[in-house]
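Heads up, the thing below is written out as structure tokens.
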Amino acid sequence: MSKQLSRDTQWTMMHTRYATHGVNSKANAHPHFGRQAYVTMVHNGVVHNHNAVWTALGEQPTGPVDSQAVAQCLEVGGIEKVVEHCEGSMSLIWSDSRDPKGTLKCWTNGGNPLVMGRLDRADGPIAIASTLALLKQGVGKRLF
């Protein structure tokens with residue numbers, strides 16, 4: 001992973017996946033996207049009421065994965081929609097193509113870990129992962 005991050009990299013998302021909903025497959029792998037693909041997101045946790053979230057949004061599910069409901073909430077109403085509709089443990093990392101270039105957002109309700117660091121220097125690219133061990137494994141000695 002570290003070799004794929006150049007000095008021009010603005011941010012990267014890393015997440016190991018344990019499939020709490022659906023099967024371990026490419027379609028169930030992170031990142032997840034909102035319906036219009038404005039939002040790209042990784043989610044560490046589980047949303048217990050993901051079917052009810054789709055109903056509340058008045059939309060059909062984009063797939064069987066609980067995280068897809070979270071991505072759609074972010075796409076249609078930001079973190080406010082997530083807080084309003086989603087129940088469970090959540091640490092989220094996402095970007096929204098409608099935001100200024102390079103914007104990366106993070107949020108947690110405290111149910112799952114979320115760690116971040118800079119690469120190479122104090123103002124270097126941001127790397128965020130679901131655990132410190134994963135972050136260190138992914139970027140190695142580049143972690144500042």
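By the Stokes-Einstein formula, at 0.890 mPa s and 25 °C, segment 21-144 with its Kirkwood radius over alpha-carbon pairs has D equal to 162 µm²/s. Report D for segment 60-129 in µm² per second (integer): Stokes-Einstein, Kirkwood Rh on Cα pairs, 4 °C, 1.567 mPa s. Rounded to a whole number, D works out at 96 µm²/s.
For segment 48-144, applying the loop criterion from DSSP together with a ceiling of 14 other beta carbons within 10 Å to the trypsin sites (Lys or Arg not before Pro) yields R98, K101, R121.
Computed on the Cα atoms alone, the convex hull of segment 101-144 gives a volume of 72 cubic angstrom per residue.
The numbers here are math on the coordinates, done by the rules we state, and not lab data. Model, not experiment: these values are computed from the prediction. Using ideal geometry, Cβ is built from the backbone for each residue, glycine included, and neighbour counts are taken over all protein chains shown.
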